[in-house]
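Each reported figure results from applying straightforward, stated rules to the coordinates on display, with no laboratory input. Here the structure is a predicted model, which means the values were calculated and not measured. Using ideal geometry, Cβ is built from the backbone for each residue, glycine included, and neighbour counts are taken over all protein chains shown.
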Amino acid sequence: MKAHVSSILLGVRDMDRSKRFYTEGLGWKVERDYGVSVFFGSDGGSLVGFYGREGLATQVGTSPEGSGFSGLVLTYVVRGEARVDEILAEAEKAGATILKPAAATPWGGYGGSFADLDGYIWDIGYSARGKNQPYAE
């Protein structure tokens with residue numbers, strides 16, 4: 001296997017609510033809507049989509065029940081501290097829970113995190129030290 005992710009599928013409990021959060025709250029554009037799944041324009045990155053939580057769990061052979069930290073964090077790297085603050089504010093206004101307000105990090109960067117409406121964690125970060133980072137924007 002190559003170190004590559006073809007798409008990221010998030011199992012959501014309420015498709016309409018999640019679509020509103022990401023489109024109206026964060027400005028994402030729906031690329032394809034199949035009813036049971038929705039995919040967003042990737043702007044050259046990995047394809048991101050939603051699938052009904054129970055259907056996705058069935059597809060991969062696991063239970064849709066779960067609690068606590070799943071061990072999955074979605075990272076979004078930007079080119080400046082101000083953009084970190086803007087994204088966290090947009091997410092909070094859209095209904096996200098801020099888990100860690102933006103602040104300087106021990107490794108010399110700047111970042112914060114939020115959980116979306118289904119509890120998926122997004123880590124928004126910036127580092128002036130990084131070279132050839134996989135910038136999202």
* Asked: Once every DSSP H run of n ≥ 4 in the chain is given -39500 (n - 2.57) and the sum is divided by its residues, what mean residue ellipticity at 222 nm do you get, rounded to the nearest 500 deg cm²/dmol?
  -> -5500 deg cm²/dmol
* Structure fact -> Neighbour-count ranking for Ser70, Ser127, Ser18 (other C-beta within 10 angstrom, fewest to most) reads Ser70, Ser127, Ser18
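Among rounded, prolate and oblate, which fits the stretch 7-60 when a ≥ b ≥ c are the square roots of the eigenvalues of its C-alpha gyration tensor, a/c under 1.5 means rounded, and a/b larger than b/c means prolate?
Details: a/c = 2.11, a/b = 1.31, b/c = 1.61.
Because a/c hits 1.5 or more and a/b fails to exceed b/c, the stretch 7-60 counts as oblate.
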* Whole-Å semi-axes of the ellipsoid equivalent to the chain (Cα gyration tensor, √5λ, descending) -> 26, 17, 16
* Structure fact -> For the pair Tyr34 and Arg129, the simple spin-label estimate (label points 7 Å beyond Cα toward Cβ) gives in nm 4.2 nm
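Taking the stretch 73-137, which chymotrypsin sites (Phe, Trp or Tyr not before Pro) meet the DSSP loop condition and have no more than 10 other C-beta atoms within 10 Å? Spell out each step's value before the answer.
Values: sites: Tyr76, Trp107, Tyr110, Phe114, Tyr120, Trp122, Tyr126, Tyr135; in loops: Trp107, Tyr120, Tyr135.
Hits after loop and neighbour filter: Trp107.
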* Structure fact -> Residues of the stretch 1-26 with backbone N under 19 Å of the label point set 7 Å from the Cα of Leu74 along Cα→Cβ are 4-26
* Structure fact -> So the angle from the long Cα axis of helix 81-93 to the longest Cα principal axis of the chain, reported in degrees to the nearest 10, equals 40 degrees
